[in-house]
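Here is the structure we will look at, set down as structure tokens.
Values quoted throughout were computed directly from the atomic coordinates according to the rules given, and no laboratory measurement underlies them. This structure is a prediction, so every number in the text was calculated from the model and none was measured. Using ideal geometry, Cβ is built from the backbone for each residue, glycine included, and neighbour counts are taken over all protein chains shown.
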Amino acid sequence: MRCARQWRFRGPGSPPRRSRDGEGQHEREQDGAAHSRHVVRTAKGAEPRRYRADVVTTTIRPAAAGDAAAIAGIYNEGIEDRVATFETRPRDAGEVAEWIAGGLPFLVAEDGGILGYARVSAYSDRCVYAGIGEHGVYVARSARGRRLGVALLDALAEACEAAGYYKLTSRVFADNGASRAVHRAAGFDEVGIQRRHGRLDGEWRDCVLVERLLGEAAA
């Protein structure tokens, strides 16, 4: 049995959430960088969300159909890097447009262009798991090391909590230290390792399970 699910971004008047500036920053960050803020707009007319980060002011907003080509380019960089996904086939803008049209939480970071994105897909078609989202986060090569991944994950968690999700979860390659650090800094816990979970280019890869509880589940 498949479970239909509706979601919405948190609207005006909701209290802002602070980003988590905990341990485990992205491995490419440099000490002493000047701090500025992300501006996060999660719904039309909503008060902007601001996150401290080592970048110039960046807007985080819901993805739109016109973002599809840029998002595909960022995802294809992740595929080429061979450290973020088992996927090996590049995606095109048409495929990404279908993701956006799916209606699940999907955010982009924008500063004169799309710098990164975070999205949720269904974890399972079983009703008991309807409140769990499987997430992905990707940042353009040119924008890495600037805490954009942390801000995107924090904003995605806020949007998903407002939509009624109680958990975000994903798998990260065990040797992807940068992604693991970004997830820890965004409040995710590492809860297990899946050994030899799949092959990439003929080589076995281990995956670390990460998750962040939301709403009442996090209380």
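Couplings 3J(HN,Hα) for the range 85-102, derived from phi with the Karplus relation 6.51 cos²θ - 1.76 cosθ + 1.60 (θ = phi - 60°), are 7, 6, 5, 10, 9, x, 9, 10, 4, x, 5, 5, 4, 5, 4, 4, 5, x Hz, where x marks Gly and Pro.
Placing +1 on the Cβ of every Lys and Arg and -1 on the Cβ of every Asp and Glu, with no other charges, gives the range 36-218 a dipole of roughly 360 debye about its Cα centre. Packing around the peptides 201-209, 138-146, taken as the average count of other Cβ atoms within 10 Å per residue, puts them in this order, highest first: 138-146, 201-209. Averaging Cα coordinates gives a centre for the range 68-115 and one for the range 125-161; these two points are 13 Å apart. Taking packing as the residue-averaged number of other Cβ atoms within 10 angstrom, the listed peptides 211-217, 83-89 run from highest to lowest as 211-217, 83-89. Taking a ≥ b ≥ c as the square roots of the eigenvalues of the Cα gyration tensor, the range 36-218 is classed as rounded, since a/c falls below 1.5. Taking a ≥ b ≥ c as the square roots of the eigenvalues of the Cα gyration tensor, the range 110-204 is oblate, since a/c reaches 1.5 or more and a/b is not larger than b/c.
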